[in-house]
Amino acid sequence: MMSKILEVNGLTMNFGGIRALDHLDLDVHAGEIVALIGPNGAGKTTFFNCLTGIYVPTEGEIRLTSPLTGKQTLLAGLKPNKITELGMARTFQNIRLFSQMTVLENVMIGRHCRTRSLIFGAIFRPRRTRDEEQDTVDRSYRILEKVGLSAQADEFAGKLSYGSQRRLEIARALATDPFLLLLDEPAAGMNPQETADLVDLIRRIRDDGHAVLLIEHDMKLVMSLSDRVFVLDYGEKIAQGTPAEIGVNAAVIKAYLGEDMLDEEST
Amino acid sequence: MTMISRQDVKRSLLVSLWFVFLSFPIMVIQVNPVERTVVWRWSNMLTVAVASFLLSLLVRVWLFRQEKRLVQVQLSPSPQPSIFHDLLKQQKFRYPLVIAGSVIVLAFPLLFSSYQANIMTTALMYIVLGLGLNIVVGLAGLLDLGYVAFYAVGAYSYALLNLHFDLGFWAALPVGGLLAALFGVLLGFPVLRLRGDYLAIVTLGFGEIIRLILENWSAFSKGPSGISNIPRPGFFGVEMSLDQAMTFMYYLMLGLLAATIFVVNRLQDSRLGRAWVALREDETACQAMGIDKAGTKLIAFALGAFWAGLIGVIFAAKTTFVNPASFTFMESAIILSIVVLGGMGSITGVIFGALILILLPEYLRPLSEYRMLAFGAILVAMMIFKPEGFITGSRRVYRFQAQKNSPILKDDE
Ligand SMILES: Nc1ncnc2c1ncn2[C@@H]1O[C@H](COP(=O)(O)OP(=O)(O)OP(=O)(O)O)[C@@H](O)[C@H]1O
Ligand SMILES: [Mg+2]
């Protein structure tokens, strides 16, 4: 068994009277691909927002452990940028790229937390800063090659196709050197070919040593890709297990998969 | 495709002739009823002719660009570089343009009267102010309506330090800049969480507070009557006549402008500059990508304020007098207009914006009472026709190491 890198205990999130997350427990191990599924409004994105520090959870603990150093951190109240610095990066369901910057620059932004130069470096450009900048460009470019966007490196991010924008979101998050990558519906709006490429990309990302926690509605993708699946409904975890176990779980079929799953099997 | 046809030039000439004709009685003929003489002010005629010609040409270029842009939008969705960029990119134009520009700029005080040089110095000051505010508004996207406060801090720090401690101009220059930067951070802290119109209102309030303090705290700032007899900048103790001092001021500003352009250009093109633009584009995403929002914003406020402080010191030295009336909201509005008009986030844009907004009213004196009206009209027109400003900031293209070593590789991809 690989080491636990993310451990969530009793996570609860209230918005006024609405309970979006209800005492949720979840864990991710190094090198795993874990899926988080559930019907619309189940609280999946809210869960990501709590993990990444965009929301401050009402209750519960989130523990992040670096697989490299073994250092354990309690995320309570940490700023989003600090959490990213620790090694957990995300993409957004509603694409949030910097559309007035080039594709390459978007990825370079991801390198920000791994680089240091500030005002002095910017103005005087000592050797150190120049090397750092070139390193940022090179690494970013290599990540673009990995996700298949290097040909569009100098285009404005806003001009990319929908599928490419989703891949750029992934590239930007990868640039922060995360050991855990959170993907919020990465296949949304993609055609079957793009989805197949995406599955391939996520596998390669895992093989490069990043664990992946992904939210997805595309069941085929979830079943073929993930090692484990967590199912959320009305903010509560209703099931967890391997894709095979989830596929036959009565509660899940009732709450969520229902006819979808039956359709899937009949075709 | 040429930018301006001969037809356009002809039409603009006609317009300018009309203007000269219409303004002739007011602008050129001056009757002195006491001495019963008539003064013919031919130089005014020339100014009116040139200004109206340029203005008319500008409008034509504008309309032309508008058409061209519409066509381009239909043809291809790629961002279109501005005409100025087109012009500057072509080697054929670039060097002659740059050389001609620098010669005119360098020889300006020798070619024109000290009055003209003085106006030009003011324009240079506003360019630097615009470049400073451009960091805050154009790059980092923080709408700051109280920028004049930092300008005031700079001016008063020289005036007061000189009054009480006899501090000279050269020592006051960095002190004024740093004090203004400190105020930038002080303002930055409470407004870190604010965005857009909320931020605008709070910064506007901050600007007014500083002015009101200067107006009412007489024991500290000598109140509305201000502080006079502020020494002009010295130059190794050389005695200078007023004209020489003005000329020196011009070159001093020119040097400061050059340094500012250099620094701002480098800042734009750096890790910090990219973080500012990302912050402008999407705060949440920016933070989620590991950028410290608070720190990045504070640096933007501090650096923007720093230049306002420097120019404040220079302003105090240039006019040898400061009072709170020089630091009204109108100043903030002018500087902001420069940034918006020129094109947010673009250095060339700010230079054009400042030259147009500061020089046009100066040279079109009769219009100057309608300055506010003209401002409004220009800004509204700008919003309608060219919301991104004269010159849209273009993004830098970076070179991958492998590409640097073998240029062929890039073509292969
Ligand atoms: N900032 C907020 N304020 C109030 N309610 C919120 C907020 N964010 C989310 N919610 C509520 O929390 C619930 C869960 O929303 P969430 O976006 O997490 O669902 P989801 O599982 O991601 O759905 P989808 O599959 O549609 O993306 C919804 O009822 C939503 O209205
Ligand atoms: Mg969601």
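The values are calculated or read from the model by the stated rules, or taken from the named source; none is laboratory data. On a predicted model such as this, the values are computed, not experimentally measured, just so you know. A quick note on method: Cβ atoms are made from the backbone with ideal geometry, for glycine too, and the neighbour counts reach across all protein chains shown.
Give the residue, chosen from B:GLY290, B:GLY295, that is assigned by TED's automatic domain parsing to the domain that holds B:GLY130 and in a helix (DSSP H, G or I).
Result of the check over B:GLY290, B:GLY295: B:GLY295.
Of the conditions (1) more than 7 Å from every other protein chain (Cβ to nearest Cβ); (2) not in a loop (DSSP other than H, G, I, E, B), A:CYS113 fails just one. Which one is it?
(1)
Considering only the range B:210-247, state which residues are within 21 Å of B:PHE150 (Cβ to Cβ) and under 24 Å from the mean Cα position of the chain (by Cα).
Scanning the range B:210-247 gives B:ILE210, B:ARG211, B:PRO233.
Please verify whether A:ASN81 is assigned to a helix (DSSP H, G or I), within 30 Å of A:LYS159 (Cβ to Cβ) and away from ligand 1 (no atom under 16 Å from the Cβ), treating the condition exactly as stated.
Spelling it out, A:ASN81 is indeed assigned to a helix (DSSP H, G or I), within 30 Å of A:LYS159 (Cβ to Cβ) and away from ligand 1 (no atom under 16 Å from the Cβ).
From the list A:THR73, A:THR115, A:THR52, A:THR136, which residue is more than 16 Å from ligand 1 (Cβ to nearest atom) and buried (at least 21 other Cβ atoms within 10 Å of the Cβ)?
Of A:THR73, A:THR115, A:THR52, A:THR136, the one residue that is more than 16 Å from ligand 1 (Cβ to nearest atom) and buried (at least 21 other Cβ atoms within 10 Å of the Cβ) is A:THR136.
Tell me which of these B:ARG271 doesn't satisfy, since it passes every other one: (1) crowded, with 21+ Cβ neighbours inside 10 Å; (2) facing chain A (nearest Cβ under 9 Å); (3) among the charged types (D, E, K, R); (4) within 24 Å of B:SER102 (Cα to Cα).
(4)
Assess whether A:ALA157 counts as being within 12 Å of another protein chain (Cβ to nearest Cβ), small (Gly, Ala, Ser), touching a residue at least 12 places away in the same chain (Cβ under 8 Å) and on the phi < 0 side of the Ramachandran plot.
Answer is yes for this residue.
Tell me which residues, restricted to the range A:220-248, are in a helix (DSSP H, G or I) and within 16 Å of ligand 2 (Cβ to nearest atom).
Result: A:LEU221, A:VAL222.
Filtering the range A:39-65 down to residues that are away from ligand 2 (no atom under 16 Å from the Cβ) and in a loop (DSSP other than H, G, I, E, B), which residue is farthest from the other protein chains (Cβ to nearest Cβ)?
Only one residue tops the list, namely A:THR58.
Is it the case that the range A:41-59 has a residue that's within 17 Å of the chain's Cα centre (by Cα), over 24 Å from A:PHE15 (Cβ atoms) and charged (D, E, K, R)?
Checked the range A:41-59: no residue is within 17 Å of the chain's Cα centre (by Cα), over 24 Å from A:PHE15 (Cβ atoms) and charged (D, E, K, R).
In the range A:66-77, is there at least one residue being within 19 Å of the chain's Cα centre (by Cα), of a type outside the set (A, V, I, L, M, F, W, C) and at the interface with chain B (Cβ under 8 Å from one of its Cβ atoms)?
Scanning the range A:66-77, I find no residue that is within 19 Å of the chain's Cα centre (by Cα), of a type outside the set (A, V, I, L, M, F, W, C) and at the interface with chain B (Cβ under 8 Å from one of its Cβ atoms), so the answer is no.
Restricted to the range A:217-239, and to residues that are over 19 Å from the mean Cα position of the chain (by Cα) and of a type in the set (A, V, I, L, M, F, W, C), which residue is nearest to ligand 1 (Cβ to nearest atom)?
So the residue we want is A:ILE238.
Could you please let me know if A:VAL231 is touching a Phe, Trp or Tyr at 6+ places or on another chain (Cβ under 7 Å) and either crowded, with 18+ Cβ neighbours inside 10 Å or not hydrophobic (A, V, I, L, M, F, W, C) (or both)?
yes
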